[in-house]
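I have placed the structure first, in the form of C-alpha cells, so that the comments after it can refer back to it.
The values are calculated or read from the model by the stated rules, or taken from the named source; none is laboratory data. Please read these numbers as outputs of a predicted model, since none were measured by experiment. Note: ideal-geometry Cβ built from the backbone for every residue, glycine included; neighbour counts use all protein chains shown.
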Amino acid sequence: MRCCPSSVLHLLRCVRLRSSARRGRSRLPLWIREIWAYIRLLVHSLCFSSLTDSDVVFDSVFEPVFWTVDYVTRWFGTVFVCLVVILTGSIMVISYVVLLPLVLYKYSPLWIAWHLCYGNWIIVMISFHYYKAITTPPGYPPTEKNDTPFVSVCKKCIIPKPARTHHCGICNRCILKMDHHCPWLNNCVGHFNHRYFFSFCLSMTLGCIYCSISGRNLFLEAYNALEHIKHLDMEKPGIPVTGMGLLIGLLPPGQTNFQTPATPYTLKDKMIYKSIIYMWVLTSTAGVALGALTFWHAVLISRGETSIERHTNSKEMKRMMKQGRVYRSPFNYGRLNNWKIFLGVERTSHWVTRVLLPSGHAPHGNGLTWDAFPARKDLTPV
Ligand SMILES: [Zn+2]
Ligand SMILES: [Zn+2]
C-alpha cells in the first residue's frame, strides 16, 4: 500500500507531539500538554535555523494575525464589490427616475443636452472601468524556468521576482508592478489593471462632484420640504399634510423658498425628496474621500512610482541624502512621459480614443522587464 508523504509527515508529527506531551509529569489535560509541546517545537525550530532573524520571528509570531486579516479581507472583498455595485446602481436609478424628468421639465435645451451627454458619458466610464478593473488579472510572474531577469526571490512563492513585482498576502501570489490590494475591487492593482483602477477612481470622483454640484439646489429644496412636512405633522398630527407635491419641478434653479401649499403631499413626493437627499449626501462624501485618493494616485503616476515604491523610494531618498547624493527613481521618465506610458498614449488622437473614451488596450510593456532599470548593487532579497 502506498502512502502519501504529507500524511506520513503529519503522522510523525502527531506521534512526536503526543510522546513529548506524555513525557511530561504534569497532570494537565492532554490537549494542553499537546499545545505546549507544539509551542516548544516551534521555538526549537526557530532557534535551530542559523538564518533566523528578528523578521522571521516577527513573521512567525504574527502569522495567525496576518492570516486572519488576509482571510477577512479576502472574504469582505465580495461584500465590498456588492456594496459598490448597489450604491452606484442606486444613484443611477435615482438619476434616471427622479432627476431626468426634473431636468427635462426645468432646464433649457442646451442644459438638457449637457446633462444628458455628461451624465451618460460618466456612467459609461464608471461601469466600463470598474468591470475591467475587477475582471482583469493584475499580471503574475512566470512560475516555470525562463530567461526573465529578476531582482530577488519571493520567500513565499519560491519563484524569481522581476523588478517592481511584490507578493500579495491576500491573493497569496506575486503580482507584476503591484500597487496595492484593493478590497473595493476584490483584486490586486497591478501592471495590467492599474489604468482601469485609476480611470474608475477618476470617473467616479467626477461623477460624484457632478451630482454634488448640480444637485445642491435640489437637495436644499428637498431638505426644506421635508422639514416643512415634519413641522406640519407636529402641528396637526393625524391630519393629512398638504404641501408642494410639485415643489421641485416648479421652483426655478437656485430658489430654495417654497410657496404656499397647493397640492397634497403624496408618498411619491416624500420618496423623491428622500432620494435626492440620499444621493446628495452619498455623492458629496464619496466625492471628497475618493477625490483625495485619486489625487494621491495622480501624484504617484506623475512620479512614475507605485504605492509600494513610494515607501521604498522615500527610504532610499533619505539614505542617499545622508551620503550627499540625490536619488532618482529608475522608472521616472518625466511627468508627461509617465502619464503617456501609464495611459498608453502613443499618438495625439489617443488622448480622445484611449483616455476620454472607454478603451481596452493593453498597457505599455509586459510587466516583466523595464527599459531603464539599472541594477542596484546593494539590493538584498525581500
Ligand atoms: Zn510571492
Ligand atoms: Zn492581492
Subject >> Among (1) within 16 Å of ligand 2 (Cβ to nearest atom); (2) within 29 Å of Trp280 (Cα to Cα), the one test that Gly207 misses >> reply: (1)
**OP:** Give the number of residues within segment 304-343 that are under 17 Å from His191 (Cβ atoms) and touching a Ser or Thr at 6+ places or on another chain (Cβ under 8 Å).
**Re:** 5
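Residue check: is Ile158 surrounded by fewer than 17 Cβ atoms within 10 Å (Cβ to Cβ), within 27 Å of the chain's Cα centre (by Cα) and more than 16 Å from ligand 2 (Cβ to nearest atom)?
no
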**OP:** Return the only residue of Arg195, Arg173 being of a type outside the set (Phe, Trp, Tyr) and within 13 Å of ligand 2 (Cβ to nearest atom).
**Re:** Arg173
Subject >> Candidate set: segment 72-100, residues that are touching a residue at least 12 places away in the same chain (Cβ under 8 Å) and over 19 Å from Thr283 (Cα atoms); chosen: the one nearest to the chain's Cα centre (by Cα) >> reply: Gly77
**OP:** Quick one: count up the residues across segment 141-188 that are under 19 Å from Thr68 (Cβ atoms) and away from ligand 1 (no atom under 14 Å from the Cβ).
**Re:** 2
Original post:
Does segment 92-107 contain at least one residue that is within 11 Å of ligand 1 (Cβ to nearest atom), modelled with pLDDT under 95 and among the hydrophobic types (A, V, I, L, M, F, W, C)?
Top reply: no
Subject >> Number of the condition not met by Phe198 [criteria: (1) within 12 Å of ligand 1 (Cβ to nearest atom); (2) under 23 Å from Trp370 (Cβ atoms)] >> reply: (1)
Subject >> Set Glu235, Glu221: member being crowded, with 17+ Cβ neighbours inside 10 Å, acidic (Asp, Glu), more than 16 Å from ligand 2 (Cβ to nearest atom) and modelled with pLDDT under 90 >> reply: Glu221
Original post:
Within segment 331-341, is there a residue that is within 22 Å of Asn193 (Cβ to Cβ), part of a helix (DSSP H, G or I) and hydroxyl-bearing (Ser, Thr, Tyr)?
Top reply: no
Subject >> Every pair of residues 6+ apart whose Cβ atoms lie under 7 Å, when the first sits in segment 149-178 and is without any contact (Cβ under 8 Å) to a residue 60 or more places away in the chain while the second is charged (D, E, K, R) and in a strand (DSSP E or B) >> reply: Phe150/Lys161; Cys154/Lys161; Cys157/Arg173; Cys174/Lys161
**OP:** For Pro141, indicate whether it is modelled with pLDDT under 95 and away from ligand 2 (no atom under 16 Å from the Cβ).
**Re:** no
